[in-house]
Amino acid sequence: MPLLSMTGVHKRYGGVRALDGASLSLEAGEVHGLLGPNGSGKSTLNKVLAGTVSPDAATIELDGQPITIGKPRDAAARGIAAVYQQLSLVDSLTVGRNLTLGVEPTRAGFVDNRASAAEIDEVLERLRPGLGPGVTATTEVSSLTPGQQQLVEIAKAVLRRPRILILDEATASLHRDQVQLLFEIIRELTAAGTCVVFVSHRLEEVMTICDRATILRTGRTVATLTIAETSESELVRTMVGDVAQAERRAELARTDDMVLRVRGLTAPGVSDVDLDVHRGEILGLGGLQGQGQSELLLALFGATPIRAGEIELNGRRVANTSVVKATGNGFALVPGDRGSQGLFMQRAIQENLSIVSLRRRLLAALGISMRRERGVAADAVQRLSIKIGGLDDPVTSLSGGNAQKVVIAKWLLNEPAVVLLDDPTKGVDISAKAEIYAIVRELADSGVAVILNSSDDVELAELCDRVIVLYEGRIRTQLVGDEITSDRLVAAALLIGEGDQGTVDETVAAAPDGSDR
Ligand SMILES: Nc1ncnc2c1ncn2[C@@H]1O[C@H](COP(=O)(O)OP(=O)(O)O)[C@@H](O)[C@H]1O
Ligand SMILES: [Mg+2]
């Protein structure tokens with residue numbers, strides 16, 4: 001008999017089915033990973049368990065007995081405690097006060113199970129290696145780093161001596177050493193019979209600490225796997241399903257059509273660049289960052305003045321002298337910093353999806369009815385399986401991966417011939433990455449010429465048919481097909497094997513180890 005089982009858990013938010021029949025079965029003494037892409041319902045399921053979200057339907061059994069969890073207090077009384085990435089500490093109070101606040105009195109009322117000063121000191125001592133020497137019960141929470149605050153939040157949950165401890169992305173703000181400490185504490189807790197539910201985007205953490213993992217996709221449980229019998233790649237495949245079979249180009253019947261041909265392009269930060277992109281091809285831009293990759297995309301997009309050179313699209317010369325002209329010529333740019341450039345964050349999703357086609361509409365002086373525009377936006381949302389409540393919701397309501405998909409959808413509405421992607425997955429979690437890869441591949445397969453700048457060599461190797469490596473704004477070398485490996489990309493970026501190792505200066509050689517890569 002499992003310690004706890006949840007079945008048939010449903011929860012809707014307006015039009016969004018956050019949970020659509022999810023289930024979860026937990027054993028005493030295990031660390032149970034809860035995995036799934038952004039928006040798959042992990043946090044909602046945890047919140048149902050912790051009593052902060054009431055489900056539309058659910059069957060929950062604890063020790064084989066049906067229970068209902070209507071309020072956080074019910075969960076607390078059953079020995080369920082939760083820690084989220086979002087902290088719940090009161091900034092203006094001391095660590096000690098926050099830790100006492102965290103322990104709810106029992107319903108019986110007479111039993112005071114508030115943590116004693118001695119218990120608080122004990123748990124703080126246990127966390128000492130992660131908290132550092134200065135943090136005591138009298139320290140104000142506002143003076144702590146996010147990592148220290150997260151540890152205090154964990155202490156608050158541990159003080160309850162929970163039977164089930166939920167850690168929902170609780171390691172996100174922790175340093176490596178603090179994560180190691182947390183893992184030690186998790187092992188002590190599970191040895192004493194506690195079940196830990198562990199959510200993290202870092203799969204190596206899941207592989208290290210979890211005994212089993214349940215995988216959610218679109219609000220449904222798709223599998224429960226035993227970690228010792230699986231691998232990171234199997235986990236990812238189970239998480240993202242068929243979409244992200246980053247099944248590559250191999251069998252792609254590519255025509256020889258040249259969509260984009262650039263000769264001698266010289267613009268700010270870019271010198272004398274020649275490149276060809278065929279129909280359906282993904283051309284990668286590699287090299288150390290800041291070697292002209294973004295500048296090349298901006299020049300192609302008409303955002304910076306072209307000083308020399310020519311651009312041909314489908315055999316015809318085009319003059320991308322402004323962004324409006326480039327857009328009109330079928331060029332689309334998905335900028336790297338989606339917060340500031342890609343989306344107007346406060347605007348509604350539909351409006352964001354319509355801006356480009358709107359501009360084209362104005363240019364063409366065509367009147368398309370709002371109704372049609374809505375239809376087109378809804379199509380794009382469906383096609384990219386973007387999880388939204390409604391088209392009128394603000395973009396800020398979307399998770400990072402979904403927001404990035406809106407940026408991509410926005411350009412697809414314009415039916416571009418050339419899509420320029422500037423580090424589109426930077427800062428996006430691994431499963432949203434896989435979905436974006438699938439979209440990029442689909443774009444290419446539909447006949448669009450794609451140029452992808454990426455700071456991630458694995459991503460270039462995974463996605464691209466060809467990669468040009470830039471150095472100081474010029475093409476240094478080109479890698480094709482099987483030549484595109486992360487090792488060769490790093491070597492090419494560093495000019496190794498190009499006969500002039502002697503000229504690699506130290507700043508350049510040191511860069512790839514920088515935190516930016
Ligand atoms: N309070 C809420 N209001 C509206 N939609 C929500 C709310 N909480 C979650 N959702 C939606 O439910 C889905 C599942 O979200 P969540 O459980 O946070 O997923 P995960 O933790 O796996 O990223 C998402 O589409 C999210 O946008
Ligand atoms: Mg979550």
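The values are calculated or read from the model by the stated rules, or taken from the named source; none is laboratory data. Predicted model, so just to flag it, every value in this text is computed and none were measured. A quick note on method: Cβ atoms are made from the backbone with ideal geometry, for glycine too, and the neighbour counts reach across all protein chains shown. All accessible areas refer to the heavy atoms of the entire protein, side chains included, with ligands and DNA or RNA removed. Shrake-Rupley method; radii C 1.70, N 1.55, O 1.52, S 1.80 Å.
Here are a few things to note about the model shown:
- Extreme residue, farthest from residue 218 (Cα to Cα), among residues of the stretch 27-38 that are surrounded by 24 or more Cβ atoms within 10 Å (Cβ to Cβ) and modelled with pLDDT under 95: 35
Rundown of residues vs (1) aliphatic (A, V, I, L, M); (2) in contact (Cβ under 8 Å) with a residue 40 or more places away in the chain; (3) under 18 Å from residue 423 (Cα atoms); (4) buried (at least 17 other Cβ atoms within 10 Å of the Cβ), yes/no style:
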position: 264; (1), (2), (3), (4): no, yes, no, no
position: 274; (1), (2), (3), (4): no, yes, no, no
position: 293; (1), (2), (3), (4): no, yes, yes, yes
position: 296; (1), (2), (3), (4): yes, yes, yes, yes
position: 314; (1), (2), (3), (4): no, yes, no, no
position: 318; (1), (2), (3), (4): yes, no, no, yes
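- For the stretch 78-103, the set of residues classified as at pLDDT below 80 and either loosely packed, with under 15 Cβ neighbours inside 10 Å or part of a strand (DSSP E or B) (or both) consists of 86 only.
- Residue check, residue 75 more than 13 Å from ligand 2 (Cβ to nearest atom), of a type outside the set (Phe, Trp, Tyr) and open to solvent by 30 Å² or more (accessible area, probe 1.4 Å): no
- Test: residue in the stretch 393-407 that is at pLDDT below 70, touching a Leu at 6+ places or on another chain (Cβ under 8 Å) and more than 23 Å from residue 326 (Cβ to Cβ): yes
- Residue check, residue 217 on the phi > 0 side of the Ramachandran plot and charged (D, E, K, R): no
- Summed over the stretch 16-61, the residues that are touching a strand residue (DSSP E or B) at 6+ places or on another chain (Cβ under 7 Å) and either assigned to a strand (DSSP E or B) or away from ligand 1 (no atom under 13 Å from the Cβ) (or both) give a count of 23.
- Each residue in the stretch 104-120 was checked for being out of contact with any Gly (no Cβ under 9 Å at 6 or more places or on another chain) and either modelled with pLDDT of 85 or more or of a type outside the set (A, V, I, L, M, F, W, C) (or both), and 11 pass.
- Qualifying residue in the stretch 172-191 (condition: open to solvent by 10 Å² or more (accessible area, probe 1.4 Å) and within 16 Å of ligand 2 (Cβ to nearest atom)): yes
- Of the set (1) of a type in the set (Asp, Glu); (2) open to solvent by less than 40 Å² (accessible area, probe 1.4 Å); (3) more than 33 Å from the chain's Cα centre (by Cα), all apply to residue 281 but (3).
- Condition met for residue 22 (within 16 Å of ligand 2 (Cβ to nearest atom) and within 28 Å of the chain's Cα centre (by Cα)): yes
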